[in-house]
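Some notes on the structure that comes next.
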Amino acid sequence: MQRNAWINTISTLVFSAFCALLRWLQNINVFEEETGLVKAGSALNYLVALVAIGAAVALWVLCRPLERYSAPTEPEEAFADAPRGLMAVLVAAALAAAVGSVFFFFTGSSLLLRVTALLSLLSVPALMLYPYLPRWGTLGAVLSLAPVLSFSVYLVAAYREYAGNPVVWSYAPLILAVAAVLYGAFQMSAYLFYRPRPVMAIYSGCLAPVLALGILMDTAAGAARLVLGAWSVGLLALSGLLILNLSEKSAADDGDMDEDYE
């Protein structure tokens, strides 16, 4: 499964870098300096949207064939045998998320954003130790909900913060990034509640960086960019771990599947 894990990871990073480049070009070329309004007729606006949609479709095409493999439904098995390199990525991402959360708290312009920052800081241990959470039973399941709660609150806070802004392009990528990371965290958490959807969990872990790393080129998102970027990288690492723990389906598995259809 190492080959599949590397293909998905590298493809995700390539798509993410391309989306980030286009978003950067959009920010420096599309918005008027004096008014902040979007220049009419810019092809970059359409290109950014089309590339993001194309990347989402391409990643689904890569992830869908993984259905033919047998995926463990027990969380201990799904997140087992995490390589040291992967754990190092999670630790680095967690530290980045912690730094971003602290800055987010002090720069937040509303009480709701500061609450989001505190919840984000509380979810840092979950990101750092995610492969070990299944061993902690109920406590691990509760900890896995911390990022889900954090990004749910942030989604509401971000919408309230920017709802009055007439320039949709100035905040829509941030809203989509928060939603993507939220969905990825939710799919990973489902494993600890014994409701896994393996392919969707892998796909959401790959999709989050494409949308979240693109807003690193924004100027309005502030410290939240670091939090979202760190979590998206962590979700991509967890997605790779889920792929590593896939296995070839046995004849018994195929027989059980046939019985289920009958």
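Out of ALA20, ALA94, ALA58, ALA88, I need the residue that is under 25 Å from SER204 (Cβ atoms), within 17 Å of the chain's Cα centre (by Cα) and open to solvent by 20 Å² or more (accessible area, probe 1.4 Å). Which one?
ALA58
Select the helices (runs of 4 or more DSSP H) contained entirely in segment 110-163, then report the ones holding at least 1 residues which are without any contact (Cβ under 8 Å) to a residue 12 or more places away in the chain, more than 25 Å from ASN245 (Cβ to Cβ) and not aromatic (Phe, Trp, Tyr).
Because the criterion is at least 1 residues that are without any contact (Cβ under 8 Å) to a residue 12 or more places away in the chain, more than 25 Å from ASN245 (Cβ to Cβ) and not aromatic (Phe, Trp, Tyr), the helices (runs of 4 or more DSSP H) in segment 110-163 that meet it are 111-122.
From the set of residues in segment 132-172 that are polar (S, T, N, Q) and within 16 Å of ALA190 (Cβ to Cβ), which is most open to solvent (accessible area, probe 1.4 Å)?
Within segment 132-172, the match that is most open to solvent (accessible area, probe 1.4 Å) is THR138.
Any idea which of ILE215, ILE175 is at pLDDT below 90 and open to solvent by 10 Å² or more (accessible area, probe 1.4 Å)?
Residue meeting the stated conditions: ILE175.
Condition check ((1) farther than 19 Å from ALA58 by Cα; (2) touching a residue at least 12 places away in the same chain (Cβ under 8 Å); (3) hydrophobic (A, V, I, L, M, F, W, C)) across all residues:
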{"residue": "SER170", "(1), (2), (3)": "yes, yes, no"}
{"residue": "LEU176", "(1), (2), (3)": "no, yes, yes"}
{"residue": "LEU192", "(1), (2), (3)": "yes, yes, yes"}
{"residue": "LEU216", "(1), (2), (3)": "yes, yes, yes"}
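Can you pull out the residues in segment 18-28 that are aliphatic (A, V, I, L, M) and within 15 Å of ALA58 (Cα to Cα)?
Answer for segment 18-28, where residues must be aliphatic (A, V, I, L, M) and within 15 Å of ALA58 (Cα to Cα): there is none.
If a residue must be open to solvent by less than 60 Å² (accessible area, probe 1.4 Å) and under 21 Å from SER232 (Cα atoms), how many such residues does segment 71-85 contain?
Going through segment 71-85 one residue at a time, the tally reaches 7.
The values are calculated or read from the model by the stated rules, or taken from the named source; none is laboratory data. All values derive from a computational prediction rather than experimental measurement. Heads up, the Cβs are rebuilt from the backbone with ideal geometry, glycines too, and the neighbour counts pull from every protein chain shown. Areas reflect the complete protein model, heavy atoms only, side chains present, ligands, DNA and RNA absent. Shrake-Rupley method; radii C 1.70, N 1.55, O 1.52, S 1.80 Å.
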